[in-house]
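Right, one structure below, let's go through it.
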Amino acid sequence: MPKLSPEKLAHYKTLDRPAFDFEDESINDFFARSSAAGVRFDNAGFFPQSGFFQAPHKSDLTDVDIAIVGSPLDLGAIGLAGGRHGPEAIRKWSHVMGPFHDDSGNIPFQQCHIADYGDVPWSATDLQVRLEDIATVFQTLGEAGCATLNCGGEHTTAYGVLKGLSKANNDEAFGLIHIDAHCDTMASWGGDAVNDGSVFRQAVLQGFIDPERTVQIGIRGRSNFLWDFSKESGMTIITADEVFEKGVPYVLDKAKEIVGLDKTYFSFDVDGLCSTEMMATTGPEPFGLTPRQVRDMILGSYDLNIIGADMVEFNPARDPSGAFANVATGLYWELLNLLTNVRRRQNGKDNPTQW
Ligand SMILES: [Mn+2]
């Protein structure tokens, strides 16, 4: 029987370091600082810091780089209700994700001052009132100079976000990178003009986004006849089939050509993913993107001028095991890293989170 030599065994024993004592001093610094503030890295299930990814809850926006906000709204969903519980599910799963990003090597809480601003409060069961509530919150965040990371809620929440951010930026019309099975540019045939199937038509009509700087990725399904407005207004559609045929590098080149370096918003509807990997959504669609493709699109957007992002339409009502929340939260972590990288570059220095 081969044995390890005494020399090798002695060497391996020198490598057996205590927990939270790493070769990389910057990681030790982070753990020392965050552990003292009550951030936990075991799976005990009891987390003193209950914010997204254990971000501190803050309402004071002084010096905050990135504000994460839940928008628990499903009044605008044409399909299954329940998306209002999305922020609750994503927060829960986010507690065991992070703090390190394997691709960039960043610890977002070291590079940027990140806060969980809480959920947009419910003031009424009236969609128009709720959209104004969301717009008010995001206008406040935009005026405070924060990049924003919205957690829906269904896609109608993005209308409130874009309205608030546009107001905070002198009524600017933003570029848009939009991952989804659906273009969400349909006409209204009654009921609410803004709903989760019409949100981007309405956002154009109100001047919040520029259709010529909009790219919609992952589009497929049996409702393509609804998207005339996308084509006629000058949006670029990249279908799910094209993503598979031409690959993610093609998609990224095209997206960058379209949105350029002006201010751009990143909106991710989880039904852009194939329903084999994402049934926990209001309108699941087969034959869609893989989580890895979406991750690569987020990773490839670091050099753009992204002012805010969202993940919408996650619906825990179709997620009995939590498996889909795990995938969605992984992609939400990628979006936080996207905003971190963009903001870190703009700041030119680290601005660590203080708990
Ligand atoms: Mn959709």
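Data table
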quantity: Some residue of segment 210-225 being within 16 Å of the ligand (Cβ to nearest atom), among the basic types (Lys, Arg) and more than 16 Å from Thr156 (Cα to Cα); calculated: yes
quantity: Count - residues of segment 298-350 that are assigned to a loop (DSSP other than H, G, I, E, B) and crowded, with 17+ Cβ neighbours inside 10 Å; calculated: 7
quantity: Yes/no for Glu7 being at pLDDT 95 or above, closer than 22 Å to Tyr159 by Cα and surrounded by fewer than 17 Cβ atoms within 10 Å (Cβ to Cβ); calculated: no
quantity: Any pair with Cβ under 7 angstrom, 6 or more apart, that starts in segment 338-355 at a residue that is closer than 20 Å to Asp60 by Cα and ends at one that is in a helix (DSSP H, G or I) and modelled with pLDDT under 95; calculated: Trp355/Ser34
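The values are calculated or read from the model by the stated rules, or taken from the named source; none is laboratory data. This structure is a prediction, so every number in the text was calculated from the model and none was measured. Quick reminder, even Gly has a Cβ in these numbers, built from the backbone with ideal geometry, and neighbours come from all protein chains shown.
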